[in-house]
Every structure is written in structure tokens, then in C-alpha cells.
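Below you'll find the structure I mean.
Just so it is clear, none of the values below were taken in a lab; they were calculated from the coordinates. Nothing here was measured: the structure is a model prediction, and the numbers come from that model. Every residue, glycine as well, gets a Cβ built from its backbone with ideal geometry; the counts of neighbours run over all protein chains shown.
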Amino acid sequence: MNIIDRRLFVPDEYKDAAYYDTPLPIGYGQTISAPHMVGIMCEYLCLQEGDSVLEIGTGSGYSAAVMSIIVGKSGNVYTVEIVPELYKSALERLSQLGLKNVHVILGDGKIGLEDYAPYDKISVTCYAKKIPPVLLQQLRDGGILVIPVGNEFVQTLKRVKKDGKHLVEEDLLNVRFVPMV
Ligand code: SAH
């Protein structure tokens with residue numbers, strides 16, 4: 001997080017607030033997550049060098065950039081965004097930064113991203129009413145999914161570990177995210 005400058009990921013009118021530990025608007029009704037939330041999610045994902053990560057909800061591209069530093073050159077971050085304008089600006093921003101291991105994809109993350117599955121880790125940055133089963137299918141054995149689940153008022157950040165045929169689910173903390181559409 002010291003390497004990735006959050007200022008580059010927020011709109012001009014919020015540059016002065018870029019280092020506050022709070023979400024900020026990025027247009028189209030969406031927000032860039034608070035830095036502590038990005039850190040918490042990386043920690044609960046147990047992100048490691050070499051991991052292949054799927055992110056649903058690119059937004060500004062900030063969390064994808066932070067994760068790309070952790071997984072390093074031997075890892076990859078595939079990040080899916082549904083709003084074309086956000087996809088385009090995140091793509092430009094991330095390629096300008098020269099982060100070659102981040103791949104931005106325009107699409108609906110509800111169906112995951114079959115092309116590069118299975119993933120070691122899956123990070124979802126918009127809340128779902130239920131965990132989309134396809135995301136669990138695209139997780140490798142031993143892999144970890146972190147996802148906010150709930151409704152517009154109450155959401156729980158959940159962690160699911162895939163252990164053979166078993167899924168070990170933990171409730172982590174209460175959170176507030178934008179909805180998965
Ligand atoms: N990780 C982002 C924060 C993203 S906010 C950052 O660091 O800036 C959540 C994002 O999820 C929004 O950009 C929203 O457009 C996107 N989103 C919502 N539903 C989606 C879906 N079904 N598929 C892909 N992205 C989706």
C-alpha cells in the first residue's frame with residue numbers, strides 16, 4: 001500500500017482526501033473502498049506471492065493494483081468490472097502504472113471468469129445476496145473466497161475455504177459495500 005499511490009485512483013475533486021481511511025465516490029454510483037478494507041481483504045485472503053487471483057468489481061482498480069504487488073511477477077490478478085466507463089478508466093490507469101500482472105476484463109462477475117479458472121483466491125468487492133455457486137466452482141481446491149453477503153442494510157464479510165468437497169465458511173465482520181448488479 002506504500003507502493004500504490006491512492007491519489008492516482010480517485011477523481012480530481014477528491015484528490016485532497018485520497019489518504020483518508022474512507023471510501024470515496026468514483027462516479028456511476030460506485031466507490032473506491034477504504035484503505036483499511038483493502039488491507040483487511042488481502043489479509044483474510046492470505047494473499048501470497050504467485051497467487052492467481054480473481055477480483056469481482058474493479059472499480060477504480062486500486063485494490064487490484066495493491067493485490068498485484070503482493071502476488072508479484074509470478075502471480076496474476078484478473079479483475080472483472082461491469083460498468084464500461086469504470087472498466088475503461090481502470091484499464092488505462094493500470095496500464096500506465098505498468099502493472100503487467102493485472103488483467104482488466106469487462107463483464108458480469110456473477111458468472112465469475114471461466115477463462116483463467118481455477119483461482120487460488122477470489123475477492124468480491126460488491127455484496128451479493130447469496131454466494132454465487134459458480135465462484136466456488138472456479139476456486140481451486142485449498143483456495144479462499146472473500147465476499148460480502150447480505151442486503152442493502154446489513155452485510156457480513158464471509159470467508160470460504162475450499163477443502164476437497166467441503167466448504168469451510170466463516171463470518172468475519174460487518175461491512176458496507178455497493179451491490180453486485
Ligand atoms: N475494488 C474497487 C472498489 C469497487 S466498488 C476499488 O478498489 O476501487 C464495486 C465495483 O463492483 C463497482 O465498480 C461496480 O460497478 C462493480 N460491480 C457491481 N456489480 C458487478 C458485477 N455483477 N460484475 C462486475 N462488477 C460489478
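Report the FRET efficiency, 1/(1 + (r/R0)^6), for residue 161 and residue 134, where r is their Cβ-Cβ distance and R0 is 22 Å, rounded to 0.05.
Efficiency, from the Cβ-Cβ distance: 0.80.
If you don't mind, another one. Taking H placed 1.01 Å from N in the peptide plane, check which residues at least 5 places from residue 139 or on another chain put their amide H under 5 Å from its amide H.
It is 119, by chain and number.
Here's something else I'd like to know. Can you work out D for region 6-175 in µm² s⁻¹ from Stokes-Einstein, where Rh is the Kirkwood radius over C-alpha pairs, the temperature is 4 °C and the viscosity is 1.567 mPa s?
81
A further question follows. With runs of 4+ DSSP H residues as the only contributors, calculate the mean residue ellipticity of the chain at 222 nm using -39,500 (n - 2.57) per run, divided by the residue total and rounded to the nearest 500.
-6000 deg cm²/dmol, from helical runs alone.
Continuing with the same structure: Residue by residue through region 66-83, what is 3J(HN,Hα) from phi via Karplus (6.51 cos²θ - 1.76 cosθ + 1.60, θ = phi - 60°)? Round to whole Hz and write x for glycine and proline.
Result, rounded to whole Hz: 4, 5, 5, 5, 5, 6, x, 5, 8, x, 9, 10, 9, 10, 10, 10, 9, 8.
Shifting gears a bit: Using amide H atoms built in the peptide plane, which far-off residues or other-chain residues are under 5 Å from residue 58 H to H?
So residue 58 has HN proximity to 80, 81, 82.
Roughly what would the spin-label model give for residue 13 and residue 48, points 7 Å off Cα along C-beta, in nm?
4.5
Below 8 Å, C-alpha to C-alpha, sequence gap of six or more: please give me the relative contact order for region 6-175 in percent.
That works out to 16 percent.
Tabulate in residue order the Karplus-calculated ³J(HN,Hα) for region 115-120, using 6.51 cos²θ - 1.76 cosθ + 1.60 with θ = phi - 60°, rounded to whole Hz; enter x for Gly and Pro.
Coupling constants for region 115-120: 3, 10, 5, x, 9, 6 Hz.
Provide the per-residue ³J(HN,Hα) series for region 22-27, in order, calculated from phi with Karplus coefficients 6.51, -1.76, 1.60 and θ = phi - 60°, each as a whole number of Hz, with x at glycine and proline positions.
With the stated coefficients, region 22-27 comes to 8, x, 9, x, 10, x Hz.
Also: Using Cα pairs under 8 angstrom and six or more residues apart, how large is the relative contact order of region 114-162, in percent?
Relative contact order, region 114-162: 38 percent.
Could you tell me the relative contact order of region 13-95? Use alpha-carbon pairs under 8 Å, at least six residues apart, and round to a whole percent.
This gives 26 percent for region 13-95.
While we're on this one: Among the DSSP beta bridges whose two residues both lie in region 85-181, what percent are antiparallel, rounded to the nearest 5?
75
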